[in-house]
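Worksheet: one structure, shown below.
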Amino acid sequence: MHAIRAVAGAMLLLAAPLASAQSPTIDYAAERAAIGRYQDADQRLQDVGWQLARGNAAFCPRVVPSIGLQLQDMASYGAPAIARRALGLSGDFAVQTAVRGSPAALSGAFARNREIIRLEGFDPNTWPASPAMEWQRLITAHYHVTAMLTEHGGIAVGFADGSDARLQPVEVCATRFELMGEGKTAVADGTRVVIGIEFPAFAYDEPEFAALLAHELAHNVLGHDAWLDTNGRSRKHVRRTEREADRLMPWLLANAGYDPAAAARFWRQWGTKHDAGILLIRKHDGWDEREEFVAAEVPLITGLMAREGKADWTAHFRREIDPAGGLLPQRKR
Ligand SMILES: [Zn+2]
């Protein structure tokens, strides 16, 4: 669950082998297309993750200011020079994604791959980086953006063509969504949700894909990683935190404008294909039980949405664990 080097994993698939002496011809169109496929997946992840983080900002234990902008750093690729040329950049930083409906997207200034040379007075290109597969600098740049938004209540982003855009942030739950360039895993480590690009739910319809992200976001907003560190990762503890994350899924969905019933549909869709592996481990309830648990939350959520226009899970959600202690008594089923 920890120390995942997710960011920039993308570019393992890119360029390095082609750049060898044996193949003097580099197909830049193919390189650009490979980057584009990764960016398409990242756009989907950011759009849906941000919608959940934005829609639940009123209830999350920690919020951060966000403009919905994600950067890319050519130094994170296996062959930065090839990546730069494929995208037509002279420096290393450019727009990766501007989240649907975010301040960045609404400004109209953040087209994909547009080159960036300034983040509020700093040129990230001047920050040191290793020659290739550099992943730390991009993280630093994102933290820098958040710091500027926190300190100044806005940020000016300068583009290579000499123009700039000044943006005001909105509040979102303090979780970053990161795409991993390979793998089928989905994990939450307390501050991040990291999804492998081969995770099957990428092929699901948006509400069901959102349900997966809601499950991972739930782990973070309910403090599960820290709680398990304190209380131990016994099978019983893991199962109860999984159940709690499951049960919160429809709440997070509803506040983000999705159908809360999509949580149950996610488990059905997932379970009919991936049943065996999960049942073998038995740290989780079976998918059919998970479907029941999440479906059971929906009437309460629907009632709250109708009466209050929001589903305040800080007030109305029944916890399975005591955040400051151990397990809470289990309710009879
Ligand atoms: Zn989980």
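Observations on the model:
- Contact map, segment 214-238: residues that are without any contact (Cβ under 8 Å) to a residue 12 or more places away in the chain and within 18 Å of Arg54 (Cβ to Cβ) paired with residues that are within 11 Å of the ligand (Cβ to nearest atom) and among the hydroxyl-bearing types (Ser, Thr, Tyr), Cβ distance under 9 Å, separation 6+ or inter-chain. No pairs are found.
- Cβ-Cβ under 7 Å pairs, at least 6 apart or on other chains, segment 184-196 side without any contact (Cβ under 8 Å) to a residue 40 or more places away in the chain and within 14 Å of the ligand (Cβ to nearest atom), far side of a type in the set (A, V, I, L, M, F, W, C) and assigned to a strand (DSSP E or B): Ala186/Ile195
- Of everything listed in (1) touching a residue at least 60 places away in the same chain (Cβ under 8 Å); (2) buried (at least 22 other Cβ atoms within 10 Å of the Cβ); (3) away from the ligand (no atom under 16 Å from the Cβ), the single unmet condition for Leu253 is (3).
- Annotation note: Cβ proximity below 8 Å between a residue of segment 297-324 that is under 14 Å from Asn56 (Cα atoms) and a residue that is aromatic (Phe, Trp, Tyr) and assigned to a helix (DSSP H, G or I) (sequence gap 6+ or interchain) occurs for Ile301/Trp251; Ala311/Trp251; Trp313/Trp251; Phe317/Trp251.
- Yes/no for Glu182 being farther than 28 Å from Thr230 by Cβ and at pLDDT 95 or above: no
- Residue list for segment 201-211, filter: surrounded by fewer than 24 Cβ atoms within 10 Å (Cβ to Cβ) and either over 18 Å from Trp267 (Cα atoms) or within 15 Å of the ligand (Cβ to nearest atom) (or both): Ala201
- Per this entry, Gly162 is not counted among residues that are assigned to a loop (DSSP other than H, G, I, E, B) and either within 16 Å of the ligand (Cβ to nearest atom) or among the hydroxyl-bearing types (Ser, Thr, Tyr) (or both).
- Those residues of segment 235-275 which are touching a Gly at 6+ places or on another chain (Cβ under 7 Å) and closer than 16 Å to Pro299 by Cβ, in sequence order: none
The values are calculated or read from the model by the stated rules, or taken from the named source; none is laboratory data. Note that the structure is a prediction, hence the values are computed from the model and not measured. Cβ coordinates were reconstructed from backbone atoms using ideal geometry, including for glycine residues, and neighbour counts include every protein chain displayed.
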